[in-house]
Amino acid sequence: MRERMSRKEINIGMIGYQFMGKMHSHAYRDLSFYFEDTLKPVLKAIAGRNETAVIQAAEQMGWESYETDWRRLVERDDIDVIDIVTPNHTHAEIAIAAAEHGKHILSEKPLALTVEDAERMKEAVEKNGVLHMICHNYRFAPAVQYARKLIEEGKLGQIYHMRANYLQDFIMDPSFPLIWRLNKEVSGSGALGDIGAHSIDLARFLVGEISEVSGMMETFIKERPLPGAGQGLTAKTENSEYGKVTVDDAVAFLARFENGAMGTFEATRFAGGNRNKNKFEINGSKGSVRWDMENMNNLDVYFEDSPAGLQGFRSINCTEEVHPYAEAYWPPGHIIGYEHTFINLMHAFMKGIEAKESPSPNFVDGVRNQKVLAAVETSASERKWVSISR
Ligand SMILES: NC(=O)c1ccc[n+]([C@@H]2O[C@H](COP(=O)([O-])OP(=O)(O)OC[C@H]3O[C@@H](n4cnc5c(N)ncnc54)[C@H](O)[C@@H]3O)[C@@H](O)[C@H]2O)c1
């Protein structure tokens, strides 16, 4: 029997194991199945505070070992990468400790609670020479990558508009509990940082840097029952004690881009009927594109130079040979899903580690994103336009 070619491996240590923990675990497991051209992630160890739960998570998701304190994970010599999938208030402390122990880092978004913390994280990775990425996965949908290619090739001409909405409805019920996402000390902000941050990332990826913003924010339900055991997006509670919601339920803001384009953004958890409607439309002098996460394989395109009578948006299924990532997956028309955006992102991270270069989006992008989030909050509270420094 012939020996199989051995692939170079890289050891992952992950902190947190619920929604994103499951998603990232799946992506590491599948990455080398679809992509043969880079490092093979090994699910070395997972960390969580509750021993029974972390053992169960390790078994279910295929991790070799576990720790009950993330600090021990960060100190382990057999770990190359620390993956942070815990709530936002923990990102800075974990990332800085991981950098100081020479680990490469993948952090979930938003990078931190404040611009100051995000900058400390960026300084730590730069000072310690480790590679870093932030998990804005929607960039890695093939249709979004293809939109970027069209823009880069000048197919849309000069960009005039970016119109982005990220619409959810999971907390509309006033009896939905006060989960960590509704507590400013843990999450930093509400719809703004949780989902608006993704739209800001898409805008920066597709159109360019935002130079100033003018925003409004609203919290429709001011108090909610304290959470029970459940903390996820479908949490339930029987609790009759209430606590204060300290973040926005919804945000809308106008933006100017450095290149002169105009942006209109909306992020809300109160758009009934919209479960995860992350969408954008970009209009340029020669054409337009529009994308909707709930139909993520498709990109609608419109070109000014189409013949008279045939003008209008048409929908491209981005699964043909010419489309990004098509080679890694299935034949044309055999579509991929949400989880593949994470596999694609981690593929970029593995390639970056091999090339010793942090792929975008990384902590530099995370800081820039955090500055936009902070500017929107300042603008909403002070009722004025706020500019964003480089
Ligand atoms: N990229 C995306 O599309 C996306 C989607 C959802 C969430 N997120 C981000 O992922 C992160 C996690 O969100 P989630 O939805 O998975 O949350 P979650 O509540 O489902 O899971 C959080 C996990 O962190 C653990 N945890 C909490 N505090 C901890 C601590 N101090 N030490 C160790 N473990 C701790 C919890 O036990 C749990 O396992 C957040 O930063 C969130 O913004 C990103």
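The values are calculated or read from the model by the stated rules, or taken from the named source; none is laboratory data. Small disclaimer: the values here were computed from a predicted structure and weren't measured. Ideal geometry is used to build each Cβ from the backbone, glycine not excepted, and the neighbour counts take in all protein chains shown. Accessible surface is based on the protein model in full, side chains and every heavy atom, while ligands, DNA and RNA are left aside. Shrake-Rupley method; radii C 1.70, N 1.55, O 1.52, S 1.80 Å.
Out of (1) touching a residue at least 60 places away in the same chain (Cβ under 8 Å); (2) open to solvent by 20 Å² or more (accessible area, probe 1.4 Å), what's the single condition that is false for GLY102?
It is condition (1) that GLY102 fails.
Among (1) away from the ligand (no atom under 13 Å from the Cβ); (2) in a helix (DSSP H, G or I), where does ARG139 come up short?
Status for ARG139: all satisfied but (1).
Among the residues of the stretch 105-124, write down those that are in a helix (DSSP H, G or I) and either within 16 Å of the ligand (Cβ to nearest atom) or surrounded by 24 or more Cβ atoms within 10 Å (Cβ to Cβ) (or both).
ASP117, ALA118, MET121
What's the total number of residues in the stretch 236-254 that are charged (D, E, K, R), open to solvent by 30 Å² or more (accessible area, probe 1.4 Å) and at pLDDT 95 or above?
So the count comes out to 1.
Of the numbered conditions (1) more than 13 Å from ASP83 (Cα to Cα); (2) more than 16 Å from the ligand (Cβ to nearest atom); (3) surrounded by 13 or more Cβ atoms within 10 Å (Cβ to Cβ), SER6 satisfies every one except a single condition; which is it?
(3)
Considering only residues of the stretch 170-192 that are in contact (Cβ under 8 Å) with a residue 12 or more places away in the chain and away from the ligand (no atom under 16 Å from the Cβ), which is nearest to GLU294 (Cα to Cα)?
Per the criteria, the residue is MET172.
State the number of residues belonging to the stretch 311-355 that are assigned to a helix (DSSP H, G or I) and polar (S, T, N, Q).
Going through the stretch 311-355 one residue at a time, the tally reaches 2.
Table: residues versus (1) surrounded by 15 or more Cβ atoms within 10 Å (Cβ to Cβ); (2) in contact (Cβ under 8 Å) with a residue 24 or more places away in the chain.
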{"position": "HIS323", "(1), (2)": "yes, yes"}
{"position": "TRP330", "(1), (2)": "no, no"}
{"position": "ILE353", "(1), (2)": "yes, yes"}
{"position": "GLU357", "(1), (2)": "no, yes"}
{"position": "ARG368", "(1), (2)": "yes, yes"}
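Would you pick out the residues in the stretch 38-54 that are among the aliphatic types (A, V, I, L, M) and surrounded by fewer than 16 Cβ atoms within 10 Å (Cβ to Cβ)? Before the answer, list the steps.
Of the stretch 38-54, the ones among the aliphatic types (A, V, I, L, M) are 39, 42-43, 45-47, 53-54.
If the condition is that a residue be among the aliphatic types (A, V, I, L, M) and surrounded by fewer than 16 Cβ atoms within 10 Å (Cβ to Cβ), then ALA53 is the only one that fits.
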